[in-house]
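Let me begin by presenting the structure, written as structure tokens, before commenting on it.
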Amino acid sequence: MSENRVEIFVPKGYTGDEPNVFVSVNGVNYLLPRGKKSLVPAEVARELARSQAAQEALDKRIEKLLEEQ
């Protein structure tokens, strides 16, 4: 994993959500606190962004399917 680190912010989320977000890249695990900035390797920031984009796409698809009912 590269030493190139970037600052990211993980939103707080909803009441009852876990206080941390789990991210694993190449067998290295990270627990990132919600509602705070973290300094992480660029690979971790990319994986978190990919995961968030996938969740948004899923949410939109579910919403569309529910509207079609």
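Quick note: the coordinates plus some simple rules give every number you see, no bench work behind them. Predicted, not measured: the structure shown is a model, and the values here were computed from it. Note that we place each Cβ from the backbone using ideal geometry, even for glycine, and neighbour counts take in every protein chain shown.
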Query raised in the report: Which lysines does Lys12 reach when only Cα atoms under 22 Å apart count, and residues fewer than 8 places away in its own chain are ignored?
Result: Lys36, Lys37, Lys60
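Find how much the distance from Asn29 to Glu3 grows on full extension, using 0.36 nm per residue of separation minus their present alpha carbon separation; answer in nm with one decimal.
Working: separation 26, 0.36 × 26 = 9.36 nm, distance 1.55 nm.
Stretched fully, the Asn29-Glu3 segment lengthens by 7.8 nm.
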Query raised in the report: Which cross-chain or sequence-distant (5 or more) residues have an amide H under 5 Å from the amide H of Arg34, H modelled 1.01 Å from N in plane?
Result: Asn20, Val21
Query raised in the report: What order do you get for 58-67, 41-50, 16-25 when each peptide is scored by the mean count of other beta carbon atoms within 10 Å, highest first?
Result: 41-50, 16-25, 58-67
Query raised in the report: In terms of modelled amide H atoms, which long-range or inter-chain residues lie less than 5 Å from the amide H of Val6?
Result: Val40, Ala42
Requested in this report: Report ³J(HN,Hα) in whole Hz for each residue of the stretch 38-49, in order, from the Karplus equation J = 6.51 cos²θ - 1.76 cosθ + 1.60 where θ = phi - 60°; Gly and Pro get x.
Outcome: 9, 9, 9, x, 4, 4, 5, 4, 5, 5, 5, 5
Report summary line: Cα-based Rg/(2.2 N^0.38 Å) for the chain, rounded to two decimals, is 1.31
Report task. With θ set to phi - 60°, apply the Karplus curve 6.51 cos²θ - 1.76 cosθ + 1.60 along the stretch 56-69 and write out the HN-Hα couplings as whole Hz, x wherever there is a Gly or Pro. Result -> 5, 5, 5, 4, 5, 5, 4, 4, 5, 5, 5, 5, 6, 6
